[in-house]
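Colleague: Once you've had a glance at the structure underneath, I'll fire off some questions.
The values are calculated or read from the model by the stated rules, or taken from the named source; none is laboratory data. Only a predicted model underlies this, so the values are computations on that prediction, with no experimental measurement involved. Positions of Cβ are backbone-derived with ideal geometry, glycine not excepted, and every protein chain shown enters the neighbour counts.
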Amino acid sequence: MEKTGIVGYGAYVPKLRIKAETIADVWGQDAGRIINGLGITEKAVPNKDEDTTTIAVQIGKNALLRAGINPKDIGAVYVGSESHPYAVKPTSTIVAEALGVGTDYTAADTEFACKAGSAAIQMVMGLAGSKMIKFGLAIGADTAQGAPGDPLEYSAAAGGAGFIVGKDKKQFIATLNDTFSYSTDTPDFWRRPKADYPSHGGRFTGGPAYVRHVAGATNGLMDKTGTTVKDYDYVVFHMPNGKFPLAMAKKLDVPKEKLMPGFVVDKIGNTYSGCSLLGLAATLDCAKPGDKILVTSYGSGAGSDSFSITVNDLIDKKRNLAPTTEDYIKDKQYITYPTYAKYRGKIV
Amino acid sequence: MHKANVPMAWRRFKSKYNLVGTKCTKCNSSFYPPRLICPKCRREGKIEEFEFKGTGKIVSYTIIRSGPDGFEKQTPYPIAIVELDEGARVTGQIVDYEDSDLAIGKKVAPVFRKVYESGKEGIIHYGIKFKPEN
Ligand SMILES: [Zn+2]
């Protein structure tokens, strides 16, 4: 199998934000305690005409701007999400049509809670590395929702990122050195068909779920590649809130500074399938050639995908060809709870 | 009812998703929605498919407060006539704007958005809208 690499990447975060204190006021909860407890001050929410498809299209356009390739050379399009707009009818073909991919491509929507996007990256790595395709596009995007009044309402956010993966080394912005996954059958978070909002196992979501899988995949990747935490300049762990990834860093002896460039959760919330991918995009936005990045996603249910990535010289030429993650985070407009509820269909 | 317009909508995906119009290569006029005959050159004209970049400027706008079927829940929303950089004028919604962005001459860029849904069970119609450029 040939080595694959990232030839283009793109991010997107909707412009609208709601503050944690705005939500707390509605439910008579203590905003200070919630912000402290979750480590999230505000979250990104989709406008009334945005959904996972529109977010994925903007991500794809940004990834194409950086890749500078002919969209018709893309042979696979995968969109990972837990908020695909249709129950039956792929998001990925709408995205491919809007990006001008043509007709000669394979596509599917992936689902695995918050790691559907990282699973999609592994799929295109396999296809490109085995020469079945020239380029593959993998996107993680979501417009996540928490039930009104549920703690998830403070964190469930909208946004995402995507990567065009190829096999020609001359085109690599970053080399995908290796990947390792760790999966088990763990019911920490779920949503049954036709249920509007997910259910979760409360405290159960910590130790046996997030910690076990993120550590399992990260340690597995380091064992497989013969690397240690010290070999990586930047680290991204899935960010369900502002606390879990910091606790994970502490557990694995990762200095907090290595997390910071990709630590976007405090300002936009948990973008689910988009989350660790946005962390990677934000990290690429400020990484230097030669830097090594370790990324580990987490999806409830449960599993983690870990990646070892080395940044190449091309990054300096490519990063400014499309808006950065920070550009999107800074471009914001606050909305009230009634507007938020109306846009998200929480009231009729 | 929610299935009535599916084939017609489908035929327009290409021109809706990316502002694909036409251009008369004889006089250089561009058209969106696509025209099959150039009104200036008539039979002399040479029409080709043409994809607009989508950037342009607002030449006129209005705020819709009472929307047509399928748009009721989106109100209020601004509609503008946008003059594209390549010349053609199109009508489209302005999104992600501050009130000060609604001004004649304001530069806009295209964004891919949901236009409307054919009810709860119908298809979702996507297309190009415009957002102000900073
Ligand atoms: Zn003409």
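Colleague: Within 13 Å of another protein chain (Cβ to nearest Cβ), small (Gly, Ala, Ser) and in contact (Cβ under 8 Å) with a residue 60 or more places away in the chain, is that true of B:Ser118?
Modeller: Working: within 13 Å of another protein chain (Cβ to nearest Cβ): yes; small (Gly, Ala, Ser): yes; in contact (Cβ under 8 Å) with a residue 60 or more places away in the chain: yes.
Here the answer is yes, as B:Ser118 does meet what is asked.
Colleague: Within region A:1-39, count every residue that is modelled with pLDDT of 95 or more and either in contact with a His (Cβ under 6 Å, 6 or more places away or on another chain) or basic (Lys, Arg) (or both).
Modeller: Of the residues in region A:1-39, 4 are modelled with pLDDT of 95 or more and either in contact with a His (Cβ under 6 Å, 6 or more places away or on another chain) or basic (Lys, Arg) (or both).
Per-residue answers, yes or no, for (1) among the β-branched types (Val, Ile, Thr); (2) assigned by TED's automatic domain parsing to the domain that holds A:Asp73; (3) surrounded by fewer than 21 Cβ atoms within 10 Å (Cβ to Cβ):
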| site | (1), (2), (3) |
| --- | --- |
| A:Asp150 | no, yes, yes |
| A:Ala156 | no, yes, no |
| A:Val165 | yes, yes, no |
| A:Pro187 | no, no, yes |
| A:Arg212 | no, no, yes |
| A:Ala215 | no, no, yes |
| A:Gly220 | no, no, yes |
| A:Pro255 | no, no, yes |
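Colleague: Could I ask something else about it? Residues B:Cys24, B:Cys41: which one is more than 13 Å from chain A (Cβ to nearest Cβ), farther than 26 Å from B:Lys129 by Cα and surrounded by 14 or more Cβ atoms within 10 Å (Cβ to Cβ)?
Modeller: Numbers: B:Cys24 fails: farther than 26 Å from B:Lys129 by Cα.
Among B:Cys24, B:Cys41, only B:Cys41 is more than 13 Å from chain A (Cβ to nearest Cβ), farther than 26 Å from B:Lys129 by Cα and surrounded by 14 or more Cβ atoms within 10 Å (Cβ to Cβ).
Colleague: Test A:Val7 against the stated conditions and say whether it is in contact (Cβ under 8 Å) with a residue 60 or more places away in the chain, among the hydrophobic types (A, V, I, L, M, F, W, C) and more than 18 Å from A:Val124 (Cβ to Cβ). Working first, answer last.
Modeller: Details: in contact (Cβ under 8 Å) with a residue 60 or more places away in the chain: yes; among the hydrophobic types (A, V, I, L, M, F, W, C): yes; more than 18 Å from A:Val124 (Cβ to Cβ): no.
When the stated conditions are applied, A:Val7 does not pass them.
Colleague: For residues that are basic (Lys, Arg) and within 14 Å of chain A (Cβ to nearest Cβ), tally how many sit in region B:56-74. Full working, then the answer.
Modeller: So in region B:56-74, the residues basic (Lys, Arg) come out as B:57, B:65, B:73.
Narrowing the set further to residues that are within 14 Å of chain A (Cβ to nearest Cβ) leaves B:73.
Number of matching residues: 1.
Colleague: If you scan region B:116-131, which residues turn out to be at pLDDT 95 or above and either surrounded by fewer than 20 Cβ atoms within 10 Å (Cβ to Cβ) or farther than 21 Å from B:Ser60 by Cβ (or both)?
Modeller: B:Tyr126, B:Lys131
Colleague: In this structure, does B:Ser66 turn out to be in contact with a Gly (Cβ under 9 Å, 6 or more places away or on another chain) and modelled with pLDDT under 95? Steps first, please.
Modeller: Numbers: in contact with a Gly (Cβ under 9 Å, 6 or more places away or on another chain): no; modelled with pLDDT under 95: yes.
Taking the combined requirement at face value, the residue does not satisfy it.
Colleague: Filter region B:79-98 for residues that are within 11 Å of chain A (Cβ to nearest Cβ) and charged (D, E, K, R); which is nearest to B:Cys38 (Cα to Cα)? Can you show your working first?
Modeller: Filtering region B:79-98 down to residues within 11 Å of chain A (Cβ to nearest Cβ) leaves B:93, B:95-98.
When the remaining residues are screened for being charged (D, E, K, R), the result is B:96, B:98.
Values: B:Asp96: 35, B:Glu98: 38 Å.
The qualifying residue nearest to B:Cys38 (Cα to Cα) is B:Asp96.
Colleague: Mind listing whichever residues of region B:65-83 are of a type in the set (A, V, I, L, M, F, W, C) and closer than 21 Å to B:Asp101 by Cα?
Modeller: Listed by number, the residues that qualify are B:Ile79, B:Ala80, B:Ile81, B:Val82.
Colleague: Just to verify a result, which residue in region B:99-115, among those that are among the charged types (D, E, K, R) and more than 8 Å from chain A (Cβ to nearest Cβ), is surrounded by the most Cβ atoms within 10 Å (Cβ to Cβ)?
Modeller: Initial filter on region B:99-115 (among the charged types (D, E, K, R)): B:99, B:101, B:106-107, B:113-114.
Retained after the next criterion (residues that are more than 8 Å from chain A (Cβ to nearest Cβ)): B:99, B:101, B:106-107.
On the way: B:Asp99: 7, B:Asp101: 18, B:Lys106: 20, B:Lys107: 15.
By that ranking, first place goes to B:Lys106.
Colleague: For region B:62-76, state whether one or more residues are crowded, with 18+ Cβ neighbours inside 10 Å and either hydrophobic (A, V, I, L, M, F, W, C) or more than 21 Å from B:His125 (Cβ to Cβ) (or both).
Modeller: Within region B:62-76 (the criterion being crowded, with 18+ Cβ neighbours inside 10 Å and either hydrophobic (A, V, I, L, M, F, W, C) or more than 21 Å from B:His125 (Cβ to Cβ) (or both)), the answer is no, since none of the residues qualifies.
Colleague: Collect the residues in region B:34-54 that are within 29 Å of B:Gln93 (Cβ to Cβ), more than 7 Å from the ligand (Cβ to nearest atom) and without any contact (Cβ under 8 Å) to a residue 24 or more places away in the chain, keeping them in residue-number order. Before the answer, list the steps.
Modeller: Residues of region B:34-54 within 29 Å of B:Gln93 (Cβ to Cβ): B:34-39, B:47-54.
Narrowing further to those that are more than 7 Å from the ligand (Cβ to nearest atom): B:34-37, B:39, B:47-54.
Within region B:34-54, B:Pro34, B:Arg35, B:Leu36, B:Ile37, B:Pro39 meet the criteria.
Colleague: Moving on to the next point. Here is a check on your reading of the model: is B:Leu19 more than 16 Å from the ligand (Cβ to nearest atom), at pLDDT 95 or above, surrounded by 16 or more Cβ atoms within 10 Å (Cβ to Cβ) and not hydroxyl-bearing (Ser, Thr, Tyr)? Can you show your working first?
Modeller: On the way: more than 16 Å from the ligand (Cβ to nearest atom): yes; at pLDDT 95 or above: no; surrounded by 16 or more Cβ atoms within 10 Å (Cβ to Cβ): yes; not hydroxyl-bearing (Ser, Thr, Tyr): yes.
It is false that B:Leu19 is more than 16 Å from the ligand (Cβ to nearest atom), at pLDDT 95 or above, surrounded by 16 or more Cβ atoms within 10 Å (Cβ to Cβ) and not hydroxyl-bearing (Ser, Thr, Tyr).
Colleague: Among the residues of region A:59-115, which ones are polar (S, T, N, Q) and touching a residue at least 12 places away in the same chain (Cβ under 8 Å)? Full working, then the answer.
Modeller: Filtering region A:59-115 for residues polar (S, T, N, Q) gives A:62, A:70, A:81, A:83, A:91-93, A:103, A:106, A:110.
Matches in region A:59-115: A:Asn62, A:Ser81, A:Ser83, A:Thr91, A:Ser92, A:Thr93, A:Thr106, A:Thr110.
Colleague: A follow-up question, please. Name the helices (runs of 4 or more DSSP H) wholly within region A:1-114 that hold at least 1 residues that are buried (at least 21 other Cβ atoms within 10 Å of the Cβ) and within 14 Å of chain B (Cβ to nearest Cβ)?
Modeller: Values: elements: A:20-27, A:31-38, A:52-67, A:91-99.
Here the list reads A:52-67, A:91-99.
Colleague: Can you tell me how many residues within region B:94-115 are free of Cβ contacts under 8 Å to residues at least 60 places away in the same chain and among the aromatic types (Phe, Trp, Tyr)? Break it down stepwise before answering.
Modeller: Going through region B:94-115, the residues free of Cβ contacts under 8 Å to residues at least 60 places away in the same chain turn out to be B:94-109, B:111, B:113-114.
Remaining after also requiring among the aromatic types (Phe, Trp, Tyr): B:97.
So the answer is 1.
Colleague: OK, next. Out of B:Ser66, B:Ser29, I need the residue that is within 16 Å of the ligand (Cβ to nearest atom) and of a type in the set (Ser, Thr, Tyr). Which one? Walk me through how you get there before you give the answer.
Modeller: Numbers: B:Ser66 fails: within 16 Å of the ligand (Cβ to nearest atom).
On inspection, the qualifying residue turns out to be B:Ser29.
Colleague: Still on this structure: Do any helices (runs of 4 or more DSSP H) entirely within region A:248-348 hold 2 or more residues that are touching a residue at least 60 places away in the same chain (Cβ under 8 Å) and under 30 Å from B:Gln74 (Cβ atoms), and if so, which? Full working, then the answer.
Modeller: On the way: elements: A:265-268, A:275-286, A:315-318, A:325-330, A:337-343.
It comes to A:265-268, A:275-286, A:325-330, A:337-343.
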